[in-house]
Amino acid sequence: MSLAFCGSENNSSAYNVDKGVLNNGCFLDALNVVPHVFLLFITFPILFIGWGSQSSKVHIHHSTWLHFPGHNLRWLLTFVLLFILVCEIAEGIVSDGFTQSLHLHLYMPAALAFMAGITSIIYYHNIETSNFPKLLLALLIYWVLAFIMKTIKFAKYTEHGIGPGQLRFCITGLLVLLYGLLLAVEINVILGRRYMCFANPTEVKPPEDLQDLGVRFLQPFVNLLSKATYWWMNTFITSAHRRPIDLKVIGKLPIAMRALTNYIKLRQEFEEQKGTAPQGPKWIWQALRKAFGRPLILSITFRFMADLLGFAGPLCISGIVHHISKDNRTIQQPMKLLGIYFISSKEFLENAYVLAVLLFIALLLQRTFLQASYYVAIETGINLRGAIQTKIYNKIMRLCTSNMSMGELTVGQICNLVAIDTNQLMWFFFLCPNLWAMPVQIILGVILLYYLLGISALIGATIIAVLAPVQYFVATKLSQTQKSTLEYSSERLKKTNELLRGIKLLKLYAWEHIFRDSVEETRGKELTSLQAFALYTSISIFMNAAIPIAAVLTTFVVHVHISEDADLSPAVAFASLSLFHILVTPLFLLSSVVRSTVKALVSVQKLSEFFSSDEIGDEQEPRAMQQLCLFSIRISCSFVKQRCSCFMCLLTEPVHRFQITNGYFTWTDGPPTLSSVDIKIPFGKLTMIVGQVGCGKSSLLLAALGEMQRVSGTVIWNSGPVIQTTAESDCRVRGPVAYASQKPWLLNASVVENITFEMPMIKSRYKAVIEACSLQPDIDILPQGDQTEIGERGIILSGGQKQRISVARALYQQTNVVFLDDPFSALDIHLSDHLMQDGILKMLREEKRTVVLVTHKLQYLPHADWIIAMKDGTIQTEGTLKDIQNSEPELFEHWKTLMHRQDREFETETVAASMTDMERKNLRRAMYSRDAVRTVDDEEEESVESDDEDNLSQVMRQRATIPWRSCGTYLSSAGLLLLTLLLLSQLLKHSLMVAIDYWLAHWTSNVITAKIEDCGFSHSWYLSVFSVLCCLGIVLCLATSVTVEWTGLKVAKELHHNLLNKIILAPMRLFETTPLGSILNRFSTDTNTIDQHIPTTLECLSRSTLLCLCALGVISYVTPVFLIALLPLAVACYFIQKYFRMASRDLQQLEDSTQLPLLSHFSETVEGLITIRALRYEPRFRQRLLQFTDANNIASLFLTAANRWLEVRMEYIGACVVLVAAVASITNSLYNQLSPGLVGLGLTYALMVSNYMNWMVRNLADMEVQLGSVKRINGLLKTEPENYEGLLTVSQVPDGWPRQGEIKIQNLSVRYDTTLKPVLKNVNAQVSPGQKVGICGRTGSGKSSFSLAFFRMVDMFEGRIVIDNIDISKLPLQTLRSRLSIILQDPILFSGTIRFNLDPEMKATDEMLWEALEIAQLKPVVKTLPGGLDAVVTEGGENFSQGQRQLFCLARAFVRKSSILIMDEATASIDMATESILQKVVMTAFADRTVVTIAHRVHTILNADLVIVMKRGIILEYDTPQALLDREDSIFASFVRADK
């Protein structure tokens, strides 16, 4: 066929110009080529030159700087223009099909216009980003020319009577309109930027965000194409392959998305509503709607458009199959006007190829709109979450203290508001567009089905609708079972926590199995609940798969039976199949949307209750946050001023720092807690408040700080010598006060940060404070010194250490006033004295700071400048000590006797062994063992920090691979039978699904063949096979869903069981070297992931992968040519998923890790609220909250954008699959007689590919993160257990062994681990039966290791211990440990009853238990408790004092009547009186048994038969106490002298 612009027929009227040139159709088309050629020639050189000189741009994110007005409109118009040009090209090609020769003029101008359109937008984009508006002149000329040429063509068409009936007329009209609009946009740019025709052009500055290179989230700033395809994310996602993503990489949030911006927006809405609506849930909804409603409407609009375009799929399939299956493929001749052919729109849309292209474009648009809708909804949700969290925080800052202390609001409730309720609202906003889109989708779907199938469609739709409530029921059941599972898991965790905290005791007493069984019992209940969870999950999965099959089956059965000549052509069958798939989606979503809505309503109800709780002050302007920098500068200057003001006040007569006149204060609405308070606190002096417990001393401090509700009276604060006496100058003008509360409050931060507390670091001052609080020895023990993280997430400190850090913070703050609320309560006498002398009397006095000290230690009263004595909430008396001696002699005498008694205590408490030494020793022990083997917690992050390139590349390689080994571990735990079942059922199910659809194709193709041949056709045989296949399919759906969940349960059971057994039998080393939290995490988070998340992810992953393979298989079977196109698409897919998986995992971890500090910041603030408000530090804490919220939000935003990035790309690849499949199958059908049924089958499957691919990659990424749990648990499963077997069996050990209690220690060397140095070296000793032995020595001399050696808790690598002629290394561990008794230095009690704590094995009688309690001086205490022996012990024995707990531990040792008792510093936490009673008791009750005492106070072993003095693991002295005391140079004697 020859080629010519106007065609090459001889009689061609195309060259006929008799009626004038402009009346020739070919010439009109030629004329239209001119503008496009002009543009292409002009712009190409500029583009190449321009790209070369791009480096000279300003330092901003230049590729995203949008300058010109009408930007988005231009992009939209260009997209529409390109779409219409594609239609014009297609129309030209179709109408050219009716002529003998090729008429290039029908489509070549349109093709050139298409190229020019693309060039115009590229050219515009480059000019815009390089800010060179003058070059837009070329575009202006182009739009003018194109508009004129098209208008001429359109006018000529109208003149010749060509009307809307012809498609080309409509296309030309639209093009005239579009070129006109684009011309208007161009003129608008000239008017906006004034770059020509005006004297002075407008200067434009880039937005603030783009000038800040820290802002990396560019979605709001990029052009429309990049916005729609997330193109700007490319570099970000590919870079994750080279370096892990962290907070530095993702940068800052754009201003419009920051929590502060959104909070101000939300607060304005709340303010506006204040007058109108009553405060309640409705009030919150209104404010949310006004603040965040607009983007939501945009999201809903996008969603509507996507849903409407979604119906293009079924309609196009119907059209294509219909076109192919037409028996006579002739189309009537088109009209010939102006010497060229014209076709109507109907003929155009009946062409299968045209439909294929339209389907491709519809799919691209639909997916783009859908992802845009998701993105906008999620972004709005995240912004809303940030705003609400900030609002909650600001509310916390103003909460009444009474709300907290009276238990109306707990820390847990507030944390739930932040962690759960704000997220519920976010999810509701995300799912909100579904609420509006679903009804539309369902109604449209049903209408189209009715149009295709008639009445039978309604029956199929009814089935889906009827089963939707069942779905909802299953979903509610699921959430209920999840709740009960949660209750059991928290109970199991509580037990596991106790087990791990008391593991040393359990091992020493050989009680591991009792506690293990207890945990296993709870786990059993949890598993029963999990079974229900698994059952409902599998029903839910089953229904998702089975409902569409059932609906299709019913519809076709009814359709065939209703009418004999039912039209069941492939076009109808496959279009309705696709429609059913579309219909099922909204109905599945329905249950989750309804649930989400209900949860959101509940959350808003909770929020409204919280927002309406009582407050103390007024909400501060967020301006305070912006003034932060000024604030810190002022602080550093203020110290100098304070000194001056103090100096001033010395010159004038003493002034009161603050006074309370006739004050009545209350916590609740009842009678006042403090009544008729009249006090004056002198300026720059030390005031002490004393009184009995509960008389209101702490309340008085809080009343002064304005934390209590004032019923009447005034509180007046004076900032300096000038007294402000007005009543209005109430609490409001109080300056910052350094306050150390009775219960110490620490931040989750380093020791330094806790002490300096946001103040600038002054080295000398810091040193002085550390010295005054005796913190240096404690800091030296910590692994990173004062940079060590303490608090919940760091190292757990003892009460005394916390108290001293809390006091140190108050001393370090440079405020004029310091309030110390009983700082000595948790300190021993030496530390108290040191703190009093160095800290309070020296440091604070020197600085002339006003100090108010609440204390019980009356011996410090002589130091006070002013004393306030309280009784029952009133002031008993106030004045100096002399005043009180004169005015209240009785009170003074009472104090004197108490002072005397406290001084006596001081004499008896010795220097060598104070509480503090014990605390430090515990800390040192924990640190020592943690340092020795710093176990790597199997997380991959630890080596990322290193700059070593090889190291980094190795880590990156590790990150790039999917953890197949963990996957193997997971699946192998299920067992072979289940695995085979799982594989078989999945393969069978998917083969059946394909069989059902294949049979449908076969059946419908035969219907058409019968029609063409005009012979009768019976549906019954086909229908019965179809029904059988469908029923089998439904059964198999059930089988697979049950198998998956069953496998999950089996694995969960196995892994937890193995983990618990491994941990319980592990050597003590593991617990000393691994942080407890890390082991607990394996039992909590990781076990939860394995229990509930992995099975569902596994099911989704296997289903989407198999569906994807089936679909590609079917398409390849229908059109083998497709395989050629599949290769590049598969390569693209591989790279996309590879990059995405790594970025997604990093971002998920970032989102989780940024949530933790946010939540702990909330709980910290609630707990330390009084301290923060006293110091007036609210703005700083608000600022920190904003940082934490923004960090969490930006991680969430990037994760959302990454998910959209993946989905858009996968959807586009899916659209390409559809296009290739459609074109290939149409060609195949037209030329190779492929049956229409198979074409329909191939296209239906092609439509679903993109969905499956998306799910496959998303689930793969999730699976990878979740398999981390399996990997970590597997790491612990590799622990070597202790050797529980002995050379002797249990039966070979004599029954009452050891009867005598004779101990021989021969050349014993002991170490904690094979990698460490020995702690005992070649020790020899012999203890006769019934002897009392005392062991003493300084801290770290090996005393405790000595006691542990008896129980084989340490590695005895040399020598042996022989007890009653049996070498203990030959005994089974369980037997050895169950026959000896030990009392540890840390008293450990378990939650349960007293009976359980004394005798978990339930072997002893009540008499024996009472006897043990009597010996331990506890009988009277226990008698008074409700339930006696069955009285409740709370977790950790918190309902008993430290001393009582220690006594219970003694009683526990007495219950087990073994002939050897070891006491490891057992009396350390008991007062002297009780201790001496105990010593006597031990001597009498254990008179005939061997007792080894490790001494804490040396005088406790003076009555022993034998004393061993140790140093650095060697025995230095070994003799009777008397013999050692007689020796002048003995170390023991020097110890005793020091103890006097």
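The values are calculated or read from the model by the stated rules, or taken from the named source; none is laboratory data. All figures in this text were calculated on a predicted structure; none of them were measured in a lab. In this analysis, Cβ positions are derived from the backbone assuming ideal geometry, glycine residues included, and neighbour counts consider all displayed protein chains. Only protein heavy atoms, including side chains, enter the accessible area calculation; ligands, DNA and RNA are left aside. Shrake-Rupley method; radii C 1.70, N 1.55, O 1.52, S 1.80 Å.
Entry remark, the range 264-284: residues being farther than 22 Å from residue 375 by Cα and open to solvent by 60 Å² or more (accessible area, probe 1.4 Å) number 9 in total. You will find that of 1374, 1306, the residue that is touching a His at 6+ places or on another chain (Cβ under 9 Å) and surrounded by fewer than 20 Cβ atoms within 10 Å (Cβ to Cβ) is 1374 and no other. Search the range 72-90 for residues being open to solvent by 30 Å² or more (accessible area, probe 1.4 Å) and β-branched (Val, Ile, Thr), and hand back the single one that is farthest from residue 183 (Cα to Cα). So, considering only residues that are open to solvent by 30 Å² or more (accessible area, probe 1.4 Å) and β-branched (Val, Ile, Thr), the one farthest from residue 183 (Cα to Cα) is 89. Of the helices (runs of 4 or more DSSP H) lying entirely inside the range 200-261, the ones with 3 or more residues being surrounded by 15 or more Cβ atoms within 10 Å (Cβ to Cβ) are found at 224-229, 233-239. Candidates are the residues of the range 1156-1180 that are over 22 Å from residue 412 (Cβ atoms) and of a type outside the set (Ser, Thr, Tyr); the one that is surrounded by the most Cβ atoms within 10 Å (Cβ to Cβ) is 1174. Entry remark, the range 829-873: residues being in contact with a Cys (Cβ under 7 Å, 6 or more places away or on another chain) and of a type outside the set (A, V, I, L, M, F, W, C) number 5 in total.
Check whether at least one residue in the range 510-533 is in a helix (DSSP H, G or I), closer than 30 Å to residue 995 by Cβ, among the small types (Gly, Ala, Ser) and open to solvent by less than 20 Å² (accessible area, probe 1.4 Å), and report yes or no. No, the conditions are met nowhere in the range 510-533. Entry remark, the range 1127-1168: residues being touching a residue at least 24 places away in the same chain (Cβ under 8 Å) and farther than 26 Å from residue 244 by Cβ number 8 in total. Quick check: anything in the range 1416-1438 open to solvent by less than 50 Å² (accessible area, probe 1.4 Å), aliphatic (A, V, I, L, M) and closer than 15 Å to residue 1381 by Cβ? Yes, the conditions are met somewhere in the range 1416-1438.
Looking across the range 1405-1454, the residues that are closer than 12 Å to residue 1387 by Cβ and of a type in the set (Lys, Arg) come down to 1445, 1452. For the range 140-168, the set of residues classified as open to solvent by less than 30 Å² (accessible area, probe 1.4 Å) and outside any helix (DSSP H, G or I) consists of 162, 163, 166, listed by residue number. Count of the range 654-684 residues, restricted to those that are open to solvent by 30 Å² or more (accessible area, probe 1.4 Å) and aromatic (Phe, Trp, Tyr), is 2.
For residue 764, the conditions (1) more than 36 Å from the chain's Cα centre (by Cα); (2) open to solvent by less than 10 Å² (accessible area, probe 1.4 Å); (3) over 27 Å from residue 699 (Cα atoms); (4) among the polar types (S, T, N, Q) all hold with the exception of (2).
Pairing each residue of the range 1512-1538 that is within 23 Å of residue 1340 (Cβ to Cβ) and open to solvent by 90 Å² or more (accessible area, probe 1.4 Å) with any residue that is at pLDDT below 85 and assigned to a loop (DSSP other than H, G, I, E, B), provided the two are 6+ apart or on different chains, yields C-beta distances under 9 Å for 1512/1337; 1512/1340; 1512/1341; 1512/1342.
Taking the criterion of being open to solvent by less than 30 Å² (accessible area, probe 1.4 Å) and either of a type in the set (D, E, K, R) or more than 13 Å from residue 590 (Cα to Cα) (or both), the residues of the range 424-447 that qualify are 425, 426, 429, 445.
Looking only at residues in the range 1257-1290 that are more than 20 Å from residue 1074 (Cβ to Cβ) and among the small types (Gly, Ala, Ser), the one that is surrounded by the fewest Cβ atoms within 10 Å (Cβ to Cβ) is 1286.
Scanning the range 428-459 for residues that are without any contact (Cβ under 8 Å) to a residue 12 or more places away in the chain and either touching an Asp or Glu at 6+ places or on another chain (Cβ under 8 Å) or β-branched (Val, Ile, Thr) (or both) gives 443, 447. Given the structure, is residue 899 at negative phi, assigned to a helix (DSSP H, G or I), open to solvent by less than 80 Å² (accessible area, probe 1.4 Å) and modelled with pLDDT of 60 or more? Yes, satisfied. Within the option set 1187, 1183, 1148, being under 30 Å from residue 417 (Cβ atoms) and open to solvent by 50 Å² or more (accessible area, probe 1.4 Å) holds for one residue only, 1187.
Yes/no matrix, rows are residues, columns are (1) under 51 Å from the mean Cα position of the chain (by Cα); (2) farther than 25 Å from residue 1489 by Cβ; (3) modelled with pLDDT of 85 or more:
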{"position": "1302", "(1), (2), (3)": "no, no, yes"}
{"position": "1306", "(1), (2), (3)": "no, no, yes"}
{"position": "1312", "(1), (2), (3)": "yes, yes, no"}
{"position": "1317", "(1), (2), (3)": "yes, yes, no"}
{"position": "1334", "(1), (2), (3)": "no, no, yes"}
{"position": "1345", "(1), (2), (3)": "yes, no, no"}
{"position": "1355", "(1), (2), (3)": "yes, yes, no"}
{"position": "1358", "(1), (2), (3)": "yes, yes, yes"}
{"position": "1363", "(1), (2), (3)": "no, no, yes"}
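Residues of the range 267-305 that are over 25 Å from residue 586 (Cβ atoms) and small (Gly, Ala, Ser): 275, 277, 280, 287, 291.
Of all residues assigned to the range 713-722, at least one qualifies as being at pLDDT 85 or above, open to solvent by 30 Å² or more (accessible area, probe 1.4 Å) and out of contact with any Lys or Arg (no Cβ under 9 Å at 6 or more places or on another chain).
Of the residues making up the range 1352-1366, those that are open to solvent by 20 Å² or more (accessible area, probe 1.4 Å) and not in a loop (DSSP other than H, G, I, E, B) are 1355, 1356, 1357, 1358, 1359, 1360, 1366. Of 174, 182, all but one fail to be within 30 Å of residue 88 (Cβ to Cβ), among the aliphatic types (A, V, I, L, M) and open to solvent by 40 Å² or more (accessible area, probe 1.4 Å); the exception is 174. Number of residues in the range 1012-1041 that are open to solvent by 40 Å² or more (accessible area, probe 1.4 Å) and touching a Leu at 6+ places or on another chain (Cβ under 7 Å) equals 1. Does residue 1430 fit the bill of being touching a residue at least 12 places away in the same chain (Cβ under 8 Å) and closer than 21 Å to residue 515 by Cα? In short, yes. With part of a helix (DSSP H, G or I) and open to solvent by less than 50 Å² (accessible area, probe 1.4 Å) as the only criterion, which of 980, 1004, 1009 stands out? Criteria check complete, one pass: 1004. State yes or no: is residue 1121 open to solvent by 40 Å² or more (accessible area, probe 1.4 Å), among the aliphatic types (A, V, I, L, M), touching a residue at least 60 places away in the same chain (Cβ under 8 Å) and out of contact with any Cys (no Cβ under 6 Å at 6 or more places or on another chain)? Criteria met by residue 1121. The residues of the range 845-869 that are closer than 14 Å to residue 833 by Cβ and free of Cβ contacts under 8 Å to residues at least 40 places away in the same chain amount to a single one, 862.
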